[in-house]
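Working notes, beginning with the structure itself.
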Amino acid sequence: MPDERRDEKIADVNAVYHTATERAQRGERTVSTDEMTGVQALERKHPTLPARPGKVERREFEYVRHGTLSFMINFDVATGQVVTPSCGPTRTEADFVAHIRQTVASDPAATRWHFVTDNLDIHQSASLVRYVAQATGDEGDLGRKGKDGILRSMRTRAAFLSDPTHPIVFHYTPKHASWMNQVEIWLSILVRKLLRRGNFTSTHDLRAKVLAFIAYFNRTMAKPFKWTYQGKVLAA
């Protein structure tokens with residue numbers, strides 16, 4: 001089903017990206033966040049044979065599975081760095097709220113947080129509404145999930161979470177347009193540079209190598225992405 005608010009969401013996400021640096025000067029943080037689930041810790045049974053004159057690189061096709069991890073990644077739009085990543089065996093509603101809570105706690109001086117996310121259920125959950133309401137100081141009745149009030153539906157919860165007056169604001173990409181989430185670009189870098197060719201002896205080894213890659217990326221490669229997509233411009 002087409003997203004009836006597609007053009008509005010495109011304009012909002014574009015505005016968030018283009019003003020991230022200016023808002024950072026006022027103490028506001030802008031992060032693009034998403035998850036990579038089911039990342040496999042695969043160990044090749046035999047070492048890769050490097051390329052040499054007359055021979056291409058040869059990688060072992062047999063491997064041992066050592067389990068999977070889910071990563072929650074934040075890409076700071078203004079600085080181009082990856083900040084406060086989370087990882088664990090699951091990606092649940094509680095996991096995402098804990099990730100957002102950890103991210104916000106990492107910079108108590110920030111005057112406002114802007115999170116760009118897709119429309120996954122856990123990004124518009126009742127638990128997330130309760131956390132943002134608590135952070136906002138809103139002690140009012142939030143209603144009941146599936147019944148009434150702010151918690152009634154994904155639409156009502158998303159409207160609350162998108163309120164620009166809150167200290168924590170969520171900006172949602174249109175449905176079927178998660179490619180607008182800048183962190184997707186960074187996740188493709190992670191796959192190309194590490195995961196596709198990696199060799200991991202355990203989930204602990206996988207976690208350590210991903211976190212080490214993030215630290216290396218932040219030191220040597222981090223810079224803001226040049227965002228050129230405009231979409232349909234809404235009339236004033």
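The table below gives the values:
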| quantity | calculated |
| --- | --- |
| Ranked order, S70, S188 - accessible area, probe 1.4 Å, largest first | S188, S70 |
| Listed residues A158, I168, H18: farthest to the positive end of the dipole of the chain (Cβ charges) | H18 |
| Residues with amide H under 5 Å from that of S162, placed H, sequence gap 5 or more | F170 |
| Three-way shape call for the stretch 112-236 based on the alpha-carbon gyration tensor, with the a/c threshold at 1.5 | prolate |
| In degrees, nearest ten, helix 203-220 long axis to first principal axis of the chain (Cα) | 80 |
| MRE, 222 nm, helices only [DSSP H, n ≥ 4, -39500 (n - 2.57), over the chain, to nearest 500] | -9500 deg cm²/dmol |
| Within the chain, percent of DSSP bridges classed antiparallel, to nearest 5 | 65 |
| Cα centroid of the stretch 164-209 to Cα centroid of the stretch 109-124, whole Å | 14 |
| Cα-Cα P(r), the stretch 92-150, percent of pairs per 10 Å interval | 20, 52, 26, 2 |
| The stretch 58-127: C-alpha gyration tensor shape, a/c 1.5 cut-off, then a/b vs b/c | prolate |
| Only Lys, Arg (+1) and Asp, Glu (-1) charged, at Cβ; the stretch 1-131 dipole about Cα centre in debye | 600 |
| Dmax and Rg, reported as Rg then Dmax, of the stretch 1-50 (C-alpha, Å) | 20.1, 53 |
| Given charges at Cβ of Lys, Arg, Asp, Glu: the chain dipole, positive-most of H99, H114, Q124 | H99 |
| Whole-number accessible area per residue in Å² for the stretch 1-136, which is evaluated in the context of all protein chains at 1.4 Å | 51 |
| Directionally averaged projected area (convex hull, Cα atoms, the chain), nm² | 16.4 |
| On Cα atoms only, tilt of 126-136 relative to the major axis of the chain in degrees | 60 |
| The stretch 151-193 - Rg and Dmax from Cα coordinates, angstrom | 14.0, 43 |
| Trypsin sites (Lys or Arg not before Pro) restricted to DSSP loop in the stretch 81-139 with at most 12 other C-beta within 10 Å | none |
| Relative contact order, percent, the stretch 131-228 [alpha-carbon distance under 8 Å, six or more residues apart] | 13 |
| Among 15-24, 220-229, 174-183, the order from most to least packed when residues are scored by Cβ within 10 Å on average | 174-183, 15-24, 220-229 |
| Computed magnitude of the charge dipole of the chain (debye, nearest 20; Cβ of K, R +1, Cβ of D, E -1) | 980 |
| Inter-label distance, nm, simple model (7 Å from Cα along the C-beta direction), D3/A94 | 3.0 |
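The values are calculated or read from the model by the stated rules, or taken from the named source; none is laboratory data. All values reported here derive from a predicted model rather than from experimental measurement. Positions of Cβ are backbone-derived with ideal geometry, glycine not excepted, and every protein chain shown enters the neighbour counts. Note: accessible area is taken over every heavy atom of the protein model, side chains too, but ligands, DNA and RNA are not part of it. Shrake-Rupley method; radii C 1.70, N 1.55, O 1.52, S 1.80 Å.
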